[in-house]
1. Given R₀ = 41 Å, what would the calculated FRET efficiency be for residue 403 paired with residue 230, taking r from the Cβ atoms and rounding to 0.05?
2. So how many Å³ per residue does the convex hull of the Cα atoms of the chain work out to?
3. Rolling a 1.4 Å sphere over the protein heavy atoms, what is the accessible area per residue of the chain, to the nearest Å²?
4. At what distance in angstrom do the alpha carbon centres of the range 105-122 and the range 428-474 lie from each other?
5. Determine, for each peptide in 285-293, 226-234, 147-155, the mean count of other beta carbons within 10 angstrom over its residues, then list the peptides with the highest first.
6. Magnitude of the Cβ-charge dipole of the chain, K/R +1 and D/E -1, about the Cα centre, nearest 20 debye?
7. Once you put a point 7 Å from the Cα of residue 319 and another 7 Å from the Cα of residue 439, both along the Cβ direction, what distance in nm separates them?
8. Probe radius 1.4 Å, ligands and nucleic acids left out: which of 450, 188, 418 has the largest accessible area, and how do the rest follow?
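The values are calculated or read from the model by the stated rules, or taken from the named source; none is laboratory data. Values in this document were obtained by computation on a predicted structure and should not be read as measured data. Counting neighbours? That spans all protein chains shown, and the Cβs are built from the backbone with ideal geometry, glycine included. For the accessible areas, the whole protein counts, side chains as well, though only heavy atoms, and no ligand, DNA or RNA atoms are used. Shrake-Rupley method; radii C 1.70, N 1.55, O 1.52, S 1.80 Å.
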Amino acid sequence: MKALEIVRARQAELVELRDAAIEAMEIVAAAALEEERSLTEDDSAQVEARQAEIAGFDAELAGLDAREAELVKIQERTEARAARPSLQIISSPEPTEVLEDRAATPTQLADALTRSLEDKVESPENMDHVRRLALRHKGDREWARGLVARSSDTYTDAWAKAVTGNAGHLTAEERTALSTVTSANGDYLVPTHLDPTVILTNDGSSNAIRGISRVVTLTRPGDTSWQGITSAGVSASFDAQLTEVSDDSPTFGQPSIATHKAQAFVQASIEASEDIAGLAGEILAMFSDARDRLEGAAHATGTGSDQPFGVFTAVDATAGSEVTSTTAATIGKVDLDALYQGLPVRHRMGARWLTHPVWALDVANLGTAVSVNYSGDLTQAPASMWLGKPVTLSDDAPSAATSTVKDNEILFGDFSNYVIVDKPGSFAVEFIPHLFNGSNNLPDGRRGWYATWRTGADSVNDDAFRLLQDKTSA
């Protein structure tokens, strides 16, 4: 693994530099000892400089040690995954054969997708996610077949040409690959290993809420919403001998979460599109980042109107799930206790905290007014656990501090009850070869790229959450 080799090479280099700094200090001390004198100002300055260097080396080494441990784990997981028979699929046909075989079984399609992506997806977590996704929806043959087709190098090359205005240079093989899964309207589905609706985008993601929520997926072309079932469960009872049992049948709810169209548009001059190397990858990276930021905000405070319902917005609409702080503009332990105790025990077991960093800092300094002053230890990060439950920080969470309304601050609950609905494999980019100026509706030398995908989200059980709101001082 190249990254691991780089880390270990840097570790060795730092150890040598550290040893050299220690040796330099020892030379200064030895000279003073030999001359039977105290350290001069120059000697002291040299010693302090070496000590500062050593401290810097130690800090960097600590970070590299952690990175090395992480990379070793990734390497071990990669090797373990490669050794698993379920991923080797020795007896299964090659991906190209599966595509041509209309009688291929759903499991063969899932295996073909997994093997076709093994050399393109570096993260073992992402690869495992892809396989689980494929197996979960292996009955949707055309969807799985489309993902397999889009995972080929031929399709990737064809897509890159199509979205950079070079579709006229497609080979016969590339043209065939592109036509198998792309509509006649120029709506190009991105290669599978680049598709942010299929491949997890955990690294560097600011969408913290997606990582702690329940994510479900739709694949069938006609599916536009997710239909679920909720129940308060069966109520049992102790009864006397020969006493007729009561009807304890549960009542069921049927939550429905619709998917909404998201879109983004990028434009550039024809000159830029011709001169920028790797333009297709750069454009997709920008779209992926835009998707991440758009959904991150929606999952926190989305209105639910033509967009996902944010978890704070959903819980805020249920009075029984709201807790008002004891003192205005202050978060106290009594407020955290109220959230913890107010959450039903069945949801408390898997509960966690979600809040904006500004409120996490306030909790770290209990009893101090927000935005006034802080008395905590500034060398320490905000706690990762409150009352024994994990804390998730999100910059998309509410952070407003006013005196006239009850501001949402901290959410505590079981986030398996906040459901995010995706249509994996639906991320498409359309290339627009010429844009027209609004003055005379004539071309002005610009090209455009239009991306679309569909997603939705909502709380399916607001009682699984408790929301702390700041008491107004108005």
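1. Plugging the Cβ-Cβ distance into 1/(1 + (r/R0)^6) gives 0.65.
2. Once divided by residue count, the hull of the chain is 300 Å³.
3. Value returned for the chain: 53 Å² of accessible area per residue.
4. Cα centroid to Cα centroid, the span is 31 Å.
5. Highest to lowest by the protection proxy: 147-155, 285-293, 226-234.
6. 2160
7. Distance between label points: 6.0 nm.
8. 450, 188, 418
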